Amino acid sequence: MKVDLSFPLRGERIPQDHGYPLYSAVAAVVEAGEPKWLHHQTDVAIHPISGIYLSDGHLKLERGSAVRVRCHTDDLPRWRCKQGRSSWESGKPLRASRRRWWE
């Protein structure tokens with residue numbers, strides 16, 4: 001069975017084209033101290049972050065902005081305790097807060 005995990009974000013803005021930086025940041029956090037397993041997964045989806053488009057090519061993060069990941073329930077232990085560990089974009093930290101998940 002697959003579940004969607006949601007890591008709400010705290011921060012101000014991110015680049016509109018954030019797909020690869022998002023994947024890199026997520027991989028760095030979840031693979032920290034472990035062999036690189038995320039790079040070899042074919043059944044994990046990391047969804048784009050939603051926000052309000054700003055004219056300078058960035059998205060303003062909103063209350064509902066979050067890192068959303070779809071993964072198999074067998075992989076849930078690998079996603080434990082990941083909140084507060086991500087940073088990105090020129091020293092402006094983005095922090096993922098408490099994890100939520102849905103089946």
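The values are calculated or read from the model by the stated rules, or taken from the named source; none is laboratory data. This is a predicted model, so every value here is computed, not measured. Here the Cβ positions follow ideal geometry from the backbone for every residue, glycine too, while neighbour counts run over all protein chains shown.
So that you can scan it fast, the table gives a plain yes or no per residue for (1) out of contact with any His (no Cβ under 8 Å at 6 or more places or on another chain); (2) more than 16 Å from Ala66 (Cβ to Cβ); (3) charged (D, E, K, R):
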{"position": "Arg13", "(1), (2), (3)": "no, no, yes"}
{"position": "Gly19", "(1), (2), (3)": "yes, no, no"}
{"position": "Ile46", "(1), (2), (3)": "yes, no, no"}
{"position": "Leu54", "(1), (2), (3)": "yes, yes, no"}
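Pairing residues of the stretch 36-65 that are within 15 Å of Leu9 (Cα to Cα) with residues that are of a type in the set (Asp, Glu) and modelled with pLDDT under 90, at Cβ distances under 8 Å and at least 6 apart in sequence or on separate chains, gives Lys60/Glu12; Leu61/Glu12. For the stretch 80-101, does any single residue satisfy the condition of being at pLDDT 55 or above and touching a helix residue (DSSP H, G or I) at 6+ places or on another chain (Cβ under 7 Å)? Within the stretch 80-101, not a single residue is at pLDDT 55 or above and touching a helix residue (DSSP H, G or I) at 6+ places or on another chain (Cβ under 7 Å).
Of all residues in the stretch 1-53, those satisfying the criterion of being assigned to a strand (DSSP E or B), loosely packed, with under 14 Cβ neighbours inside 10 Å and among the aliphatic types (A, V, I, L, M) are Ala45, Ile52. Taken together, the residues in the stretch 56-75 that are among the charged types (D, E, K, R), closer than 20 Å to His40 by Cα and surrounded by 12 or more Cβ atoms within 10 Å (Cβ to Cβ) amount to 3.
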